[in-house]
Amino acid sequence: MSWMFYYCSSLKELNLSNFNTNNVTDMSYMFTGCSSLKELNLTRFNTNNVTNMAGMFLKCSSLKELNLTNFNTNNATGMNKMFSECSSLKEFKYY
């Protein structure tokens, strides 16, 4: 799933509630540059097998709400720049 929505700068809404991420290992740069996205709910994401989350939300400059309540980062070894340049992030929920 790495680079999946890379620089989708006009993307304003995204419903990922039916995504099956059980076997995903790489989510790096998945939402990088989604500069019009204001909120993202990833509570249904299974990240148990993800090892790379580097730059996942990089340059999501309009992102105000991010719900990562069920994120498991125990196997993640790459998380650098995960939230870099998320200048509007006001509400951040995690475990």
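Some notes on this structure:
- Computed from backbone phi, the HN-Hα couplings of segment 47-61 come to 10, 4, 9, 6, 10, 10, 10, 4, x, 3, 10, 3, 6, 8, 5 Hz, rounded to whole numbers (Karplus: 6.51 cos²θ - 1.76 cosθ + 1.60, θ = phi - 60°; Gly and Pro given as x).
- For the chain, diffusion coefficient by Stokes-Einstein and Kirkwood Rh (Cα), 4 °C, 1.567 mPa s, µm²/s: 100 µm²/s
- The residues Met82, Met30, when put in order of fewest to most other Cβ atoms within 10 Å, stand as Met82, Met30.
- In a simple Cβ point-charge model (Lys, Arg +1; Asp, Glu -1; nothing else charged), the chain has a dipole of about 120 debye relative to its Cα centre.
- Full extension of the chain between Asn67 and Leu14 gives 17.8 nm of extra length, using 0.36 nm per residue less the Cα-Cα distance.
A short reminder: the numbers here are calculations on the coordinates, not readings from a lab. Not measured: the values here are computed from a predicted model. So basically every Cβ, Gly included, is an ideal-geometry build from the backbone, and we count neighbours across all protein chains shown.
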